[in-house]
Amino acid sequence: LTLAGLRAKLDNRELSAVEVTKAYLARIVATNPAVNAFITTCAETAIAEAQAADQAIAAGDVTPLTGLPVAVKDIFNTTGLPTTCASRILKNYVSPYDATVIANIKAQKAVILGKLNMDEFAMGSSNENSAYGAVHNPWNLEHVPGGSSGGSAAAVSAYEAPLAIGTDTGGSIRQPAAVTGIVGAKPTYGAVSRYGLVAFSSSLDQAGPFARTVVDTALLHSVIA
């Protein structure tokens, strides 16, 4: 389903956010051992967020992303979850605050499925340079998914998440989106806050969206911008 399709089914109560979340979590369990897109999966908190979203939908308090699952590159500070940047140096680091991008998503009552693999500290273009192992292209597991946001692209391409957020300094959203056959965009510099994003090159880094369609990608951009 596209984001629009999921939104309609949630709003019409044909599906609950909990059902949607559990379906994606099951898909992650089935495919992630081969793809290795996720570093951290947060099933318990995701289901709790989905339950809260269902309550909001029942009360008519609906935003574009309410109840919809999102996965996040492990370069954004997130409270309650490790932020590793795919490095052993930060293996046990848990941020005391949320990056602005994460805060914007939470304000929409979206469901965060987990943190996504990447080239360590975003320095790479194949996602082979991660302390948590290489990410594999869902179309051919012997091929790379591109990088540094390879986990973000692979997760969407493998149907492990309908939406993902990555970062782009010199192509790290656009290249893996192309390599995995999905849609990704680097927003104009400054369109999305870098607050809480672990820096690679601060004057170039920009957070941006991944999805399966242009419309879905634009919707996620409108939320994080």
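The values are calculated or read from the model by the stated rules, or taken from the named source; none is laboratory data. None of the values given here were measured: they were computed from a predicted structure. Heads up, the Cβs are rebuilt from the backbone with ideal geometry, glycines too, and the neighbour counts pull from every protein chain shown. SASA here: full protein model, heavy atoms, side chains in, ligands and nucleic acids out. Shrake-Rupley method; radii C 1.70, N 1.55, O 1.52, S 1.80 Å.
Applying the selection to region 138-161, what residues are open to solvent by 10 Å² or more (accessible area, probe 1.4 Å), in a loop (DSSP other than H, G, I, E, B) and not hydrophobic (A, V, I, L, M, F, W, C)? Within region 138-161, PRO138, GLU142, HIS143, TYR159 meet the criteria.
In region 107-114, is there at least one residue being over 25 Å from ALA50 (Cα atoms), open to solvent by 10 Å² or more (accessible area, probe 1.4 Å) and either part of a loop (DSSP other than H, G, I, E, B) or among the polar types (S, T, N, Q) (or both)? Talk me through it step by step, then tell me what you get.
Filtering region 107-114 down to residues over 25 Å from ALA50 (Cα atoms) leaves none.
Scanning region 107-114 turns up no residue that is over 25 Å from ALA50 (Cα atoms), open to solvent by 10 Å² or more (accessible area, probe 1.4 Å) and either part of a loop (DSSP other than H, G, I, E, B) or among the polar types (S, T, N, Q) (or both).
Restricting the search to region 29-60, which residues are touching a residue at least 12 places away in the same chain (Cβ under 8 Å) and of a type in the set (Asp, Glu)? Within region 29-60, GLU49, ASP54 qualify. Beta carbons closer than 7 Å, at least 6 apart along the sequence or on distinct chains, pair a first residue in region 71-85 that is basic (Lys, Arg) with a second that is modelled with pLDDT of 95 or more for LYS73/LEU116; LYS73/MET118; LYS73/SER149; LYS73/GLY151; LYS73/SER152; LYS73/ILE165; LYS73/GLY166; LYS73/THR167.
Filter region 171-204 down to residues that are under 19 Å from GLY146 (Cβ atoms) and modelled with pLDDT of 95 or more, then give me how many there are.
17
What are the residues in region 67-88 that are part of a strand (DSSP E or B) and of a type outside the set (Lys, Arg), if any?
Going residue by residue through region 67-88, those that are part of a strand (DSSP E or B) are 69-73, 76, 79, 82.
PRO69, VAL70, ALA71, VAL72, PHE76, THR79, PRO82, listed by residue number.
For region 170-185, check the following and say yes or no: at least one residue is among the aliphatic types (A, V, I, L, M) and in contact (Cβ under 8 Å) with a residue 60 or more places away in the chain. I'd like the intermediate steps shown before the answer.
Here is the first cut: in region 170-185, the ones among the aliphatic types (A, V, I, L, M) are 173, 177-179, 182-183, 185.
So of that shortlist, the ones also in contact (Cβ under 8 Å) with a residue 60 or more places away in the chain come out as none.
Checking region 170-185: not a single residue is among the aliphatic types (A, V, I, L, M) and in contact (Cβ under 8 Å) with a residue 60 or more places away in the chain.
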